[in-house]
1. Out of B:Ala403, B:Ala372, B:Ala430, which single residue is under 17 Å from the mean Cα position of the chain (by Cα) and over 23 Å from B:Glu118 (Cβ atoms)?
2. Give the residue that is nearest to the other protein chains (Cβ to nearest Cβ), with candidates limited to residues of the range B:275-297 that are in a strand (DSSP E or B) and of a type in the set (S, T, N, Q).
3. Return the residue satisfying two criteria in turn: it lies in the range A:171-202 and is touching a His at 6+ places or on another chain (Cβ under 9 Å) and open to solvent by 60 Å² or more (accessible area, probe 1.4 Å), and of such residues it is nearest to the other protein chains (Cβ to nearest Cβ).
4. Output the residues belonging to the range B:1-41 that are among the charged types (D, E, K, R) and within 10 Å of chain A (Cβ to nearest Cβ).
5. State all residues of the range B:100-114 that are within 11 Å of the ligand (Cβ to nearest atom) and either touching a Lys or Arg at 6+ places or on another chain (Cβ under 9 Å) or open to solvent by 40 Å² or more (accessible area, probe 1.4 Å) (or both); if no residue qualifies, say none.
6. Which one is nearest to the other protein chains (Cβ to nearest Cβ), of the residues in the range A:1-34 that are more than 18 Å from the chain's Cα centre (by Cα) and in a helix (DSSP H, G or I)?
7. Condition first: more than 13 Å from the ligand (Cβ to nearest atom), within 14 Å of chain A (Cβ to nearest Cβ) and buried (at least 24 other Cβ atoms within 10 Å of the Cβ). Now tell me which residues in the range B:390-437 satisfy that.
8. Only one of these is more than 16 Å from the ligand (Cβ to nearest atom) and at negative phi: B:Leu90, B:Leu97. Name it.
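The values are calculated or read from the model by the stated rules, or taken from the named source; none is laboratory data. None of these values were measured; they are calculated from a predicted model. Here Cβ is always computed from backbone atoms with ideal geometry, including for glycine, and neighbour counts include all displayed protein chains. Side chains included, ligands, DNA and RNA excluded: accessible areas come from the protein's heavy atoms. Shrake-Rupley method; radii C 1.70, N 1.55, O 1.52, S 1.80 Å.
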Amino acid sequence: MAPLDRANVDTDAIIPKQFLKSIKRSGFGQNLFDEWRYLDHGEPGIDPATRKLNPEFVLNLPRYRDARILLARANFGCGSSREHAPWALQDYGFEVIIAPSFADIFFNNCFKIGLLPIVLDTSQVDQLFREVEATEGYRLLVNLEQQSATTPAGESFPFEIDPFRKHSLLNGLDEIGLTLQHADKIRAFEEKRRVEQPWLFG
Amino acid sequence: MKMQTLYDKLWQSHVVHEESDDPEGMALLYIDRHLVHEVTSPQAFEGLKLAGRKPWRLNSILAVADHNVPTTGRDHGISDPVSRLQVETLDQNCEELGITEFRMNDRRQGIVHVIGPEQGATLPGMTVVCGDSHTSTHGAFACLAFGIGTSEVEHVLATQCLVAKKSKTMQIVVEGNLGHGITAKDVALAVVGRIGTAGGTGYAIEFAGSAIRGLSMEGRMTLCNMAIEAGARAGMVAVDDVTIEYLRGRPFAPKGDPWEKAVTYWRTLKSDEGASFGKVVQLDAVSIKPQVTWGTSPEMVTTVDGKVPDPTEIADAVKRHDMERALKYMALAPNTPISEIRPDKIFIGSCTNARIEDLRAAAEVVRGRRIAKSIKLAMVVPGSGLVKHQAEQEGLDRIFREAGFEWREPGCSMCLAMNDDRLEPGERCASTSNRNFEGRQGPAGRTHLVSPAMAAAAAVAGHFVDVREIY
Ligand code: SF4
């Protein structure tokens, strides 16, 4: 687990706009938190191996190199609707983000790609920050099935998740396919609408 | 019958299917209008194609390139190859699938949130989505309008629906008359300052009260646009005569008989008397002064007669830390009077403030004046080709040019600097856009959010100044 000790981390910080010009869905991980992670300015197409890492940025500290859980502060992911932000986090290697609160669109986008955002109380998040910073090699065990996050000391924090979202995450379902199972219902709804509000279909 | 809020009505009238009996659970929501731009759509179109799917309803979609387009020299095309590829990809996808698109050199082209309403493609009672957080803008027309991610763009393309969760409701009531020179932008910033950037998280906000009813549609759009800056995915305003008059005769709006029928329905789109909201916030219009942000989040805002705050006075450690970091980034000392801050560049534009009324307000301030010598660049980027045309008809372009402003082609421009318009490291900007995040207007650039009149006043004075002293 890696601790990112800032509130209101916005999507421009998670993945700066110059990287949004890509028409692909992958490869954003190398530019995750680009302006904080590197000392030089990043542009698309620059080989990250040639760039200067900011040794002080938390993800660059050797002890957090392989983190798969990101611990964050309130209102994580605020700002734009860019799904490139969760793409970058996932592509980098994160599977879970824990924070006291998330911005709505970001939160929603995470589920769409199989990244799990977990909301815990501020006091619990504070405790996790203290523990992870104090202990090298700190590992938190997240169990989606049981909806719990367990510390190395065995303390367990339960978390909430919408049952439909949980089901989709656990089974890796194709949401579009699921919705299309209701195609008849959608058509019927649409027809009714066409009669009642024909101007919507002009 | 239970009293309903406007949001309840909009939600309920679009539910196709409920995933569970839990009213708080996920529902399948029908989408009436899907706006598309070049940045968040290519992967969605690709996904659609890979799955062998087609758009469900073509005439629900309207596409435009706005984020990457240059604001000068359009005859030469787009010089940055990566930007060009993204715009061309949109053109190609739209052409292949038969989607209506306003291309870069179409005079109807502009920022997606400006052209939707301008065309009447945004109508009351609709659900409106776009892969862009400022879709909240369209809620000014009593729509349920919100931003979505790329997976959802694909979902709407394929199914005309979204799986969504109902929000809580918040009512923000602004009563009284706004002072002379005080605009919707000042109200929006005052709201964000009051409830914070996470204050609206999980909520859909309805703006109400006499000050809101007194706003033009342009003003209401500015306000709903920034609902997202208060954390709310959607902002909205009830239908009234102002809404209806704005829409009359717009290209995509109904005409003749259907128009009459539509208007009758639209007039029901308001919260019932006595409907209850999850939260109510009240603001007194008379007390709202011109707002200027000093930090790197829209909630870091104060009034033009105020000062940069002092972190040592903040008890909460996380907050204090954020404030210190913001002041360092912004190169501002605590207790500096706002009026002593001197911008290098002036940006009048964006989906928040690039409509005709915004340009008129700014032109009013600069008329017959010159921008200060210390200003390196002042630019006006109209929200759409039609706004630009209208402004030119009114002679506003001349007023700006004579004052030393550049008059540009429409697009997002320096709101997020995906094209060539950007701040150089360390430069300070008075901007009418909506986000002052680190690097938003260019790496290491420094943004102060203000209204168009305030940006114009700063251009003339060379530092922030209370626009009420200039008018
Ligand atoms: S003007 Fe700015 S905020 Fe609006 S859509 Fe464009 S980039 Fe986004």
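1. Among B:Ala403, B:Ala372, B:Ala430, only B:Ala430 is under 17 Å from the mean Cα position of the chain (by Cα) and over 23 Å from B:Glu118 (Cβ atoms).
2. Filtering the range B:275-297 for residues that are in a strand (DSSP E or B) and of a type in the set (S, T, N, Q), the one nearest to the other protein chains (Cβ to nearest Cβ) comes out as B:Thr293.
3. In this case the residue turns out to be A:Lys185.
4. B:Glu19, B:Asp22, B:Glu24, B:Asp32, B:Arg33, B:Glu38
5. Residues satisfying the conditions are B:Gly110, B:Val114.
6. A:Lys21
7. Residue satisfying the conditions is B:Leu423 alone.
8. Of B:Leu90, B:Leu97, the one residue that is more than 16 Å from the ligand (Cβ to nearest atom) and at negative phi is B:Leu97.
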